[in-house]
C-alpha cells in the first residue's frame, strides 16, 4: 500500500522510481561505510542521477513518512474507536489512494465508525496522496496567491 504507480502516473503512494532511488541511495551509503573512498553515482537506466535530485527524492520520502506518522498519531488520539493498527492502515490506504485498508477499515468493514474529524483528516490525506505534497504546500505560500 505504500509503493504506488510508475512515474508520470496518477496513482497514489510513493512512486516506484522514488523507491528505486532510495534503495540505491541506501546501498551506496552502506557500501561507502565499508569503503569510504569509493565513488558510486546513483544510476537509473544507465544514466547518473544528480545529487540534487536524489536529495529531493529523499526529502519527499521523509516528508511522506512524517505525514504518515503524524496523521496516524492524530487519528489514533482523536478517535477512540480506532486502534493504532486501524489508524495506521487507514492513513496508509488514504495516502496511497488504494481503497480498503486493514483491521477495522479492511475489505469487510468500512469507514462508518470513524469520527467526522477523522474523516476530514483522512480526506486531507487522500488529497495529499493524489495531488502529491508539493502542489498542496504551494497553496500555503503567499506568493502563490499574489496576482501579477
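Compute the Cα gyration tensor for the range 84-148, then decide on rounded, prolate or oblate, letting a ≥ b ≥ c be the square roots of its eigenvalues: rounded whenever a/c is under 1.5, prolate when a/b is larger than b/c in the other cases, and oblate in all that remain.
Prolate is the answer for the range 84-148, as a/c is 1.5 or above and a/b outweighs b/c.
How do 75, 63 rank when sorted from fewest to most other Cβ atoms within 10 Å of their own Cβ?
Ordered by Cβ neighbours within 10 Å, fewest first: 63, 75.
How high is the relative contact order of the range 16-145, given as a whole-number percent (alpha carbon pairs under 8 Å, six or more residues apart)?
RCO, the range 16-145: 17 percent.
Please give the Cα centre distance for the range 70-148 versus the range 1-38, rounded to the nearest Å.
Between the Cα centre of the range 70-148 and that of the range 1-38, the gap is 24 Å.
Over the chain, with a Gaussian network built from C-alpha contacts below 10 Å, which listed residue (44, 70, 84) shows the highest mean-square fluctuation?
Top of the fluctuation ranking is 44.
Please determine, in degrees from 0 to 90 and to the nearest 10, the orientation of helix 116-131 with respect to the longest principal axis defined by the Cα atoms of the chain, where the helix direction is its Cα long axis.
Roughly 30 degrees between the two axes.
Pop a pseudo-label 7 angstrom from the Cα along the beta-carbon direction at both residue 115 and residue 29 and give the gap in nm to one decimal.
About 3.6 nm separates the two model spin labels.
Ranking 33, 125, 78 by Cβ neighbours within 10 Å, fewest first, what do you get?
33, 78, 125
If you project the alpha carbons of the range 3-54 onto their three principal axes, what span does each projection cover, largest first, in Å?
40, 19, 17
When you take every Cα atom in the range 16-145, what is the radius of gyration, and what is Dmax, the widest Cα pair distance, in Å?
Just the Cα atoms of the range 16-145 yield Rg and Dmax of 18.4, 56 Å.
Divide by every residue of the chain the summed helix terms, -39500 (n - 2.57) for each DSSP H run of at least 4, and state the resulting mean residue ellipticity at 222 nm, rounded to the nearest 500 deg cm²/dmol.
Counting only the DSSP helices, I get -18500 deg cm²/dmol.
Each reported figure results from applying straightforward, stated rules to the coordinates on display, with no laboratory input. Since the model is a prediction, treat every value here as computed from it, not as a measurement. Note that we place each Cβ from the backbone using ideal geometry, even for glycine, and neighbour counts take in every protein chain shown.
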